[in-house]
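Read the structure below first, then the notes.
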Amino acid sequence: FAPYDAEELKIAPEVKREAGKVLVTVVAPLDSLAEGYHGASWGQVLKLLRRRMGEVDADYLLEAVDAGATTADFEASFRGASIVFAWNVQSANAQRVLAALKSSGDTAKAFLALESAADLEEASRLGGYRPAKSAPWDQVLNKEAVETYDLAVDLWRRRSSDDALYLLLLLGHVLAKPVPLIAMAVQQADVGAILCMCRNCFKEVVDCLTDPTCKAAIECLDACAANDQVASYRCITCNETPKLEAFSLCVLEKHNCLCKTAEAPEPIPDAMTHWRGKPLDNEAAEEILIGWLGQEGRQWSWMVHQGKNAAYDQFPCQHQIFYPGTAKKVAWYDPTFQVILPDGEIVWRRRHYRVRIDNKQAPGSYVFSVLDNGVTSNEQWRIVDVADDLSWIVFFYSGAARAAGQAYFGGLVCTPDGDPPPASEAKRIAAALQRTGIEPWEMYTVSNQGCADCGAPLGVEAKAVRQSWLAEQREAGKTIDA
């Protein structure tokens, strides 16, 4: 893991005083392991969050201070802060934190202690709302603060870097300065949205709400927290139906009734430059994508071993299928994966992405697009690194479903059958991930148990594949179903 330097987590006083800046201060035991973050320390987690916060909104500054610091150190960090957090700060340090809050003027708009000493948690406040002293009328008088606190606690419990970043920005958005990313996520349907649906999509709305599966999807989505892409996408994959696709296509994609928008997160890394000792060109990059398709009986190119994005990379038995399309410079990517329904039933889902070479970038760079249950997603993909023998590959992607107001990015470590890569390659793979801005501790291991001969809808689409290429592969002895 990338080390951290406590001094680098501090912010110079002159920077804090710059007009328009919002200072967020986090107190945490920097050298202690951060539970749920796969072996990373709080210092390493906060180093990453500090960088990503600046990428999302340059006006937001994150300063981290160790829980064992002196009262004077706390006072200096709290002075000028809009939001102060205490993460995993226990009793031995709690009184110094509280004393520093008081002596620094307690000018922060919010103080939120999570999994910390009881007296710290009791001091938590969001504006005038104090969760420890909540009263029935707070649901009316402090409704926004109550909802913000409940969402903050939920975000904390998810134990992911994306949710931790959202948590840091959420309180600032509500209490200090609007953050466009948060504003889009928390935006709710209003009267204008309902009128738009009635005028333009009345049939699709009625068809959906009178269909049990489609209705269940909408109710499930309504129950999701504002930014919870994990729960939202699970609602969709568990309740797929043509009527849901028609509803989303009309309400979101064609008429944008919710007035949503989103852009793919940046920065986007460069693709690898050499493979097998030669400069990477488009022909070699295509060979890498196609990977193991047709070899040794495989009807897939790669299988996901680890993924970064909890919403899209964590499904069991993810088969990646890449193959050339009928049109020149067009290929297809058909990910096939398992979804476990609430009643325990296992179903298969398959997507169909158009893949185009990004001619504005170096070889190994692609533009992916897909219509997923009525909503279009556009993504930038990169081949970051790959073994000469194709025993493993690292992908990076960044995308947005604009009509749904969702932006996302992720990284994948794939192997021929989803097994772990050779241990001897761990450092090289970690370095590849870090070049994309992803830390190895952010990666989750995918469940690939029982994936062999499990009835997955594999192979290529007969109408989409380039027939001349398919014939060549079969003549070469490869078995590819279509």
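Before moving on, here are some points about what is shown:
- Surface composition of segment 77-142: carbon plus sulfur atoms contribute 52% of the solvent-accessible area (1.4 Å probe, protein chains only, all chains present).
- Rounded if a/c under 1.5, otherwise prolate or oblate - segment 365-482, Cα gyration tensor axes: oblate
- Here, segment 1-129 has an Rg and a Dmax of 13.8, 40 Å when only alpha carbons are counted.
- The GluC sites (Glu not before Pro) of segment 247-322 that meet both conditions, a loop assignment by DSSP and at most 16 other Cβ atoms within 10 Å of the site Cβ, are Glu263.
- Span from the segment 47-121 Cα centroid across to the segment 314-360 one, whole angstrom: 43
- Summed side-chain charge close to Ala176 - residues other than Ala176 whose Cβ falls under 12 Å, Lys, Arg +1, Asp, Glu -1: +1
- Between the Cα long axis of helix 229-238 and the first principal axis of the chain there is an angle of about 40°, rounded to the nearest 10.
- For the chain, Cys198, Cys224, Cys238, Cys259, Cys414, Cys454 have no disulfide-compatible partner, since no other Cys C-beta lies under 4.7 Å from theirs.
- Its Kirkwood hydrodynamic radius, worked out from the mean inverse distance over all distinct Cα pairs, puts segment 325-419 at 15.1 Å.
- Sparse-neighbourhood loop sites, trypsin sites (Lys or Arg not before Pro) in segment 9-50 - DSSP loop, at most 10 other Cβ within 10 angstrom: Arg17
- The label point for Lys133 and the one for Arg159, both projected 7 Å from the Cα toward the Cβ, are 3.4 nm apart.
- The spread of Cα positions in the chain, taken along each principal axis and listed from longest to shortest, comes to 79, 58, 42 Å.
- Our summary gives the chain a relative contact order of 12 percent, counting only alpha carbon pairs under 8 angstrom and 6 or more residues apart.
- Bins of 10 Å from zero: percent of alpha-carbon pairs in segment 173-259: 17, 44, 31, 7, 1
- Segment 16-82 shape via C-alpha gyration tensor axes, a/c threshold 1.5: oblate
- Annotation note: trypsin sites (Lys or Arg not before Pro) in segment 380-482 located in DSSP loop regions with a Cβ neighbour count of at most 12 within 10 Å are Lys463.
- In percent, rounded to a whole number, the relative contact order of segment 359-482 is 14, using alpha-carbon pairs under 8 Å and six or more apart.
- Rolling a 1.4 angstrom probe over the protein heavy atoms with all chains in place gives the chain an accessible area of 45 Å² per residue.
- Entry note, segment 31-153: relative contact order of 15 percent, from Cα contacts under 8 Å with a spacing of 6+ residues.
- Where only DSSP H runs of four or more residues are counted, the chain gives -9500 deg cm²/dmol as its mean residue ellipticity at 222 nm, each run worth -39500 (n - 2.57).
- Split the accessible area of segment 297-425 by element, probe 1.4 Å, and carbon with sulfur accounts for 51%.
- Separation of segment 379-443 from segment 260-297 is 10 Å, based on Cα centroids.
The values are calculated or read from the model by the stated rules, or taken from the named source; none is laboratory data. All values reported here derive from a predicted model rather than from experimental measurement. All Cβ positions, glycine included, derive from the backbone under ideal geometry; neighbour counts span all protein chains shown. Accessible surface is based on the protein model in full, side chains and every heavy atom, while ligands, DNA and RNA are left aside. Shrake-Rupley method; radii C 1.70, N 1.55, O 1.52, S 1.80 Å.
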